Every structure is written in C-alpha cells, then in structure tokens.
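J.: Take this structure first; my questions come after.
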Amino acid sequence: MAIVCNSGAARCFICTRDVTDGPISGSVGAGGANGKADVLLVQELLNSVPPENGGPLLLLAEDGIKGPKTQAAIDRFQSKVLPRPDGRIDTNGPTIKALSGLICDSPAILPGRLGLIARPNQVAGSPPAPPAAGGAVATQATAQAKQMLKDLEPRIMSLRFKLTHQFPPTVAFCNKHFATGQSKITPSEIGFVNRLVAAIHFHVARFNAFGIQLIENVILFDPKDNVNLGWTVRGGSKLSTKQFQIYVEKGKTIKAPGQSVFVTNGFANQAPIDKKWTVLHEMTHFVGPRDGTGIQIDDHAYAFDGKFLSLTKFQKLHNAETISLFMLEACEGTAKVVASNDLAAHKAHFDAFPKVSPGGDIVTN
C-alpha cells in the first residue's frame, strides 16, 4: 500500500510466506487436533472447491468448529481424491496437498481471498455459485494501473542513468529524500539506490517486453478490500499465472499468483498522481531476498506517519514509501507530487530545491 488518505490504521498487506503444501499446523477431522484456525482454513478451502471436484454441495459455515457438516465435507473430498479415505486431514498429508493443489491449479477459483471473492454475497447452507465478474470499477482500476506502469517504465530507465553518473544535481536530489540531519548520502549509497531502482525497473520492464509476462497477469483487483489501497504478493521466482499459491498471512487466506499486485476500491478513488504513487510503492515490494538481489524493502513508516521524515538514513534507504516517493518525483516532477493532498503534511520539505522539472531535469536553484 502506498499512502492512505486521512487514515493511520491501514498498513501495507504483503504476502510473503509460501505455504501451499502445508497450510495447517495441526490435523483436522476425525481424531484430529481440530485447532480453530486450522479448521477455519480447511472450511475456507473446502468451500472454494467446486462440487464436481469434491467440494461440499452446500457451503460450510466458516466458524472454525469441526461439526458434522465439516466432517461430511472432509469425507466427501477424500472420497474424490484418496483411494482409502480416513476422515482426517493431516499436516503435509495427501489430503491437504490435494486440496491446496486443486485450488492452486483451478481457473474456476479466482485469485483473491478464499471464501470471499470466489463466493460473493453467499451464506452458509447455500449452493456454490460461479464468481461474479469484476465490474466496471475493477476493469477501469486495473487498466489505469497497467497503463501507469507502462508510462513510468522509460522514466525509471532515465532515473537509472542519472544515478549511474552521480552528477551534483542527482546527489542533491538523493540527499533530499534519503539524508538525515548531518548524515548525507555517500557515493556507495547512491550506488545502492541505483541497484534498487534497477531491480524495480527490471520487474516493470519485463512485464511489458516480448510477452515474457503480460502485465494483465500482474495487476489484479480485490473488490473486498476496503482498508488498503493495494496489496502485494512478492516472490521473484514466480512469474507464471499457472503457479498459484495459497498464503495465510495476518489471519487472511489468499490464493494468488506469485509476483502480483492487487488494487482496491480505495485505489480506484485516488487522484491520478496518487495512483502512480501506489503502484510504485507496491512494485518496491517485489524486490527482496527471493529475487536474488539480497535487498529487503519494508514499511518502516508511511507518509502519514509523524516519523516519516525523521527515519534513519538506513531506514529511508529500505523504506517502500520513501523509495516510491523518490521515484515518483523523479518521474513526474516536483509540481505534481506536492500538489497531492496526501503529501500535505510534508509539502514544504518536498517543494524545496532541488526540484524536478516537468521535463525530468533536476534543478538546484
């Protein structure tokens, strides 16, 4: 998530833990441990399986309680996938692998939060229904995000050139974003920023180049998220939409392709400059240990946090909000950035020299 207007509650939601083959911590079913969180996850997964593939004929109540209906659903699924059903789903056992594997491979189960997007407006005891279309808001929001990344790609490339040569205006511009007090940016730290921007540019560029990874498979829409502007599934090794994964993070169960960004209703209501900020912020989260760079980008502070400008230099160099704002100003120019209401608390800081002209030149006075 980039900045959230008038809210200090929302935070960036990033799926990082791949648990496709072992999403439960204890056994569920007949004679199982039946921990509430594990039962709830099994109920969500079973509800997302089409009946023809062994899913329940009527949706289960997702309450974390292993009752007779949940047990019957486990038995039904096992009768479809196992030669010798035993009524229990074990951690890392054949049933949970079949269950998660089916969901990962099934195009009928849309990317998103299991039990929500796949079954909109349904309640327990009703038959499963095909997922509804995303609607005009989803189509427009994803189309805008895709086009923005395409427009930003050559400008990010230009920023890489400036960081490589480290002319005085570029050094001054880096200090504006990353220096803290008397601790100014060093040439090696600018080199770090350049490697970081290069890694982000790599992800942006290959989504548009030669069909390696169509950007249509990267920018998706989450209609049920009314808190965040966007959320990210990161993992540089996953670049195929056939490689869906199941994630359990922050109490949410998600099916999503690796290396994807979900935009939300909040994103759809943002101003254009803030939408670009959001997509750049989410792209920074693609950079991490799993893509081979060894760089870890976190959310040390958002622009609405009072400590945003007072982070240490190290924190700024590894903060998604700082990096995305640095790239946004370099790509779009200072005037557009400071016009954003989302940056009102720090307008004076970012409206000071050095500035970036609409044409992309760094002006120091």
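J.: Which condition does Leu325 not pass, out of (1) closer than 16 Å to Ile273 by Cα; (2) at pLDDT below 95, if it passes all the others?
T.: (2)
J.: Here are Ala320, Ala348, Ala256: which of them is surrounded by 14 or more Cβ atoms within 10 Å (Cβ to Cβ) and over 19 Å from Ile200 (Cα atoms)? Don't jump to the end; show me each part of the working.
T.: Working: Ala320 fails: over 19 Å from Ile200 (Cα atoms); Ala348 fails: surrounded by 14 or more Cβ atoms within 10 Å (Cβ to Cβ).
Just a single option satisfies the conditions, and that option is Ala256.
J.: (1) farther than 23 Å from Ala198 by Cβ; (2) in contact with a strand residue (DSSP E or B) (Cβ under 8 Å, 6 or more places away or on another chain): which one isn't true of His349, the others all being true?
T.: Answer for His349: the failing condition is (2).
J.: Does region 150-171 contain any residue that is under 27 Å from Leu311 (Cβ atoms), in a loop (DSSP other than H, G, I, E, B), assigned by TED's automatic domain parsing to the domain that holds Ala352 and at pLDDT 95 or above?
T.: Yes, the conditions are met somewhere in region 150-171.
J.: Related question: If we keep just the residues of region 172-211 that are of a type in the set (Gly, Ala, Ser) and assigned to a helix (DSSP H, G or I), which is surrounded by the most Cβ atoms within 10 Å (Cβ to Cβ)?
T.: Ala199
J.: Is one or more of the residues making up region 293-300 under 24 Å from Val204 (Cα atoms), modelled with pLDDT under 90, surrounded by fewer than 19 Cβ atoms within 10 Å (Cβ to Cβ) and of a type in the set (Gly, Ala, Ser)? Walk me through how you get there before you give the answer.
T.: Residues of region 293-300 under 24 Å from Val204 (Cα atoms): 293-300.
From what's left, modelled with pLDDT under 90: 293-298.
Subset that is surrounded by fewer than 19 Cβ atoms within 10 Å (Cβ to Cβ): 293-296, 298.
If we keep only those that are of a type in the set (Gly, Ala, Ser) too, we end up with 294.
Yes, because at least one residue in region 293-300 is under 24 Å from Val204 (Cα atoms), modelled with pLDDT under 90, surrounded by fewer than 19 Cβ atoms within 10 Å (Cβ to Cβ) and of a type in the set (Gly, Ala, Ser).
J.: Residues in region 60-73 that are in contact (Cβ under 8 Å) with a residue 40 or more places away in the chain and touching a Pro at 6+ places or on another chain (Cβ under 6 Å): how many?
T.: Residues that pass the stated criteria total 0.
The values are calculated or read from the model by the stated rules, or taken from the named source; none is laboratory data. For clarity, every value in this text was computed on a predicted model and none was experimentally measured. Using ideal geometry, Cβ is built from the backbone for each residue, glycine included, and neighbour counts are taken over all protein chains shown.
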